[in-house]
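Reviewing the structure listed below.
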Amino acid sequence: MTAPEAIHANARLVIDQLGPLSELGERFGYNRESVEWVEGFIERQRVRPDVRAADKARMVQVLGSFLGECIVHTYGGEWRERDGSWGVFFDPSNAAFPFSKVGKQFDNGTESGDSILSFFDAVGIVILKRPGQPPV
């Protein structure tokens, strides 16, 4: 399986596994409302004493894939690798790195300013300010 295929599979896993746990029902998908729910999920997981480093690393990969797919579905862009890190690229100088942001939220929490929802919203602001870019 290629890296992009793994990313897509991980994102789909979030929809299949966490969607039913959320109260969003059919609305759970590649959208802001679901990013908000996943942010709360991360906050609940990060404080659990039974979450091992390996569990956290796996969740960063799976939830980072989902966050990136939400960005792609909402704002456009495409997955690419740069310097060993995968991100969503809009052009050569504008990219979002969702795995990094999910990891930071796990490490620091929203109270320290590491919010995947704020990150998601900020991507939209940056994309809207790009010349020639249609509004989302």
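We did not get these values from a lab; they are worked out from the coordinates using the rules stated. Quick caveat: nothing in here was measured; it's all calculated off a predicted structure. Positions of Cβ are generated from backbone atoms using ideal geometry, with glycine treated the same way; all protein chains shown enter the neighbour counts.
When we screen Asp107, Asp50 for residues that are assigned to a loop (DSSP other than H, G, I, E, B), of a type in the set (Asp, Glu), out of contact with any Pro (no Cβ under 8 Å at 6 or more places or on another chain) and more than 20 Å from Asp121 (Cβ to Cβ), the only hit is Asp50.
Residue-wise test of (1) part of a strand (DSSP E or B); (2) not hydrophobic (A, V, I, L, M, F, W, C).
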| site | (1), (2) |
| --- | --- |
| Ala54 | no, no |
| Gly64 | no, yes |
| Gly68 | no, yes |
| Ile71 | no, no |
| Trp86 | yes, no |
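The selection criterion, being without any contact (Cβ under 8 Å) to a residue 40 or more places away in the chain and touching a strand residue (DSSP E or B) at 6+ places or on another chain (Cβ under 7 Å), holds for Phe89. How many residues are within 16 Å of Ala3 (Cα to Cα) and in contact with a helix residue (DSSP H, G or I) (Cβ under 6 Å, 6 or more places away or on another chain) when one looks only at the stretch 36-60? Adding up the residues that qualify gives 1.
Would you confirm whether any residue within the stretch 55-68 is of a type outside the set (Asp, Glu), in contact (Cβ under 8 Å) with a residue 60 or more places away in the chain, surrounded by 15 or more Cβ atoms within 10 Å (Cβ to Cβ) and within 23 Å of Asp121 (Cβ to Cβ)? Yes, the conditions are met somewhere in the stretch 55-68. Taking (1) assigned to a loop (DSSP other than H, G, I, E, B); (2) in contact (Cβ under 8 Å) with a residue 40 or more places away in the chain in turn, Val35 satisfies each apart from (1).
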